[in-house]
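I have placed the structure first, in the form of structure tokens, so that the comments after it can refer back to it.
The values are calculated or read from the model by the stated rules, or taken from the named source; none is laboratory data. Model, not experiment: these values are computed from the prediction. Backbone-built Cβ (ideal geometry, glycine too); neighbour counts: all protein chains shown. SASA here: full protein model, heavy atoms, side chains in, ligands and nucleic acids out. Shrake-Rupley method; radii C 1.70, N 1.55, O 1.52, S 1.80 Å.
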Amino acid sequence: MDSDSLVLSIAILSFNRPEQLGLLLQSIDCSPDSVEILISEDNAPRRSDVRSVVSRFTEASPFTVVYHENAVNLGFDGNLRVALSIAQGQWVMFMGDDDECIPGKLDAYIDFLRGLGDEKYVLRSYRVTHDSGRVEDFRYLPASQRIEAGEHSVAWLFKRSVTLSGFTIHREEANRHLTDRLDG
């Protein structure tokens, strides 16, 4: 795949949930042409089960799949940095291994990312399905809009980025600012 055509890396941080990871992988339903799926496994006790799920998916999938295993457990922050450093897409969308994609939405999201100018971060709406079955949608703005760069905007965005699911950032810009100073 030409790196110029690789719009999105779906970076999945994995730790010990192979069954849920399988559901997430099966929920990725976009065109494979401009996407890579990256799984960064963080040295969990069920690593071999995770590896098997990824292997079965890769064999049956049209997607480019990159699977990485950390030699030691790095924790959430360290695993996130590793995934970001491996990703090749212009944009990186993080997912937890217990998340799922909403059916039929990824292609439109990829088209949206293609149309962005110099933006570096996307605050996405997301959906939570509670154990009771109740579905809760989270959307912070009534419509898509550009937020001007600045300290106030960073604080506003940070307060709303309460979940990893769908957190999307411009890869090159994010890699310029990687640090372990804020871990934990």
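Side notes on the structure shown:
- Within segment 119-140, the residues that satisfy the criterion of being over 30 Å from GLU172 (Cα atoms) and of a type in the set (Val, Ile, Thr) are THR129, VAL135.
- Scan of segment 97-118 for residues that are closer than 12 Å to ILE12 by Cβ and open to solvent by 10 Å² or more (accessible area, probe 1.4 Å), ordered by number: ASP98, ASP99, GLU100, CYS101
- Taking the listed residues GLY133, GLY117, the one that is free of Cβ contacts under 8 Å to residues at least 40 places away in the same chain, in contact with a Lys or Arg (Cβ under 9 Å, 6 or more places away or on another chain) and part of a loop (DSSP other than H, G, I, E, B) is GLY117, with no other qualifying.
- Pick from segment 148-169, criterion of a type in the set (A, V, I, L, M) and open to solvent by 60 Å² or more (accessible area, probe 1.4 Å), ranking: modelled with the lowest pLDDT: VAL162
- Applying the criterion of at least 3 residues that are modelled with pLDDT of 95 or more and crowded, with 20+ Cβ neighbours inside 10 Å to the strands (runs of 3 or more DSSP E) found wholly in segment 1-83 leaves 8-14, 35-41.
- Residue satisfying all of: in segment 103-123; modelled with pLDDT under 90 and touching a helix residue (DSSP H, G or I) at 6+ places or on another chain (Cβ under 8 Å); farthest from LEU25 (Cα to Cα) among these: LYS120
- Filter pass, CYS101 being under 12 Å from the mean Cα position of the chain (by Cα), in a loop (DSSP other than H, G, I, E, B) and in contact (Cβ under 8 Å) with a residue 24 or more places away in the chain: yes
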